[in-house]
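One structure is given below, encoded as structure tokens.
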Amino acid sequence: MSVFRAIRGRKQPFCSGFTLLEVLVALVIVAVALAALARAGSQALTAQASLEQRTLALWVADNVLAEIRLEGVSTAGRRQGQRRMGERDWSWQALIQPAPGDELMRVDVAVYRESNRSTPILTHTGFVPR
């Protein structure tokens, strides 16, 4: 009987740890947080790429306006061409028209990606003397 009492009188060890339900809830929380983090990172990359593209297009338009200023303009019309900027090919179209008054011409430069000429990435307006 002494053996029975020794076994029966032994204290149960304290069970520590997490239940399966607690682990599953924690995994769901981590999965949702990681999905939100991945989405935020994706949106940041998309915004950065769009900003880079618009910046390069603005530089192309500024260069075209500078060249038109240097060449001088006396009549209204259209010009177009291609440029390479930032290791990318760009197309541009310049619409030259009289501005209010007699001394200036308005120049609207639309810049397109060489691969997609349907919608301009940027339209930049400047004024040049006649």
Residues of segment 84-130 satisfying the condition of being aliphatic (A, V, I, L, M) and out of contact with any strand residue (DSSP E or B) (no Cβ under 8 Å at 6 or more places or on another chain): Met85
From Glu87, Glu67, residue being at positive phi and free of Cβ contacts under 8 Å to residues at least 24 places away in the same chain: Glu87
Residue match in segment 112-124 (condition: crowded, with 18+ Cβ neighbours inside 10 Å and small (Gly, Ala, Ser)): no
Lone unmet requirement of (1) of a type outside the set (Ser, Thr, Tyr); (2) surrounded by 14 or more Cβ atoms within 10 Å (Cβ to Cβ); (3) part of a helix (DSSP H, G or I); (4) at pLDDT below 95 for Trp59: (4)
Matching residues in segment 88-105 - criterion: being out of contact with any Phe, Trp or Tyr (no Cβ under 6 Å at 6 or more places or on another chain) and modelled with pLDDT of 90 or more: Arg88, Asp89, Trp90, Trp92, Gln93, Ala94, Leu95, Ile96, Gln97, Pro98, Met105
Selection count where residues are part of a strand (DSSP E or B), within 16 Å of Phe127 (Cβ to Cβ) and among the β-branched types (Val, Ile, Thr), scope segment 64-116: 3
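State the number of residues belonging to segment 86-111 that are surrounded by fewer than 18 Cβ atoms within 10 Å (Cβ to Cβ) and within 20 Å of the chain's Cα centre (by Cα).
Matching residues across segment 86-111 total 4.
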One residue from Ala49, Ala38 being within 30 Å of the chain's Cα centre (by Cα), modelled with pLDDT of 95 or more, surrounded by 10 or more Cβ atoms within 10 Å (Cβ to Cβ) and not in a loop (DSSP other than H, G, I, E, B): Ala38
Pairs with Cβ under 7 Å, 6+ apart, first in segment 103-118 and farther than 16 Å from Ala76 by Cα, second of a type in the set (A, V, I, L, M) and part of a strand (DSSP E or B): Val111/Leu122
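The values are calculated or read from the model by the stated rules, or taken from the named source; none is laboratory data. Since the structure is predicted, the reported quantities are computational estimates derived from the model, not experimental observations. Methodologically, a virtual Cβ is constructed for each residue, glycine included, from the backbone with ideal geometry; neighbour enumeration extends over all protein chains shown.
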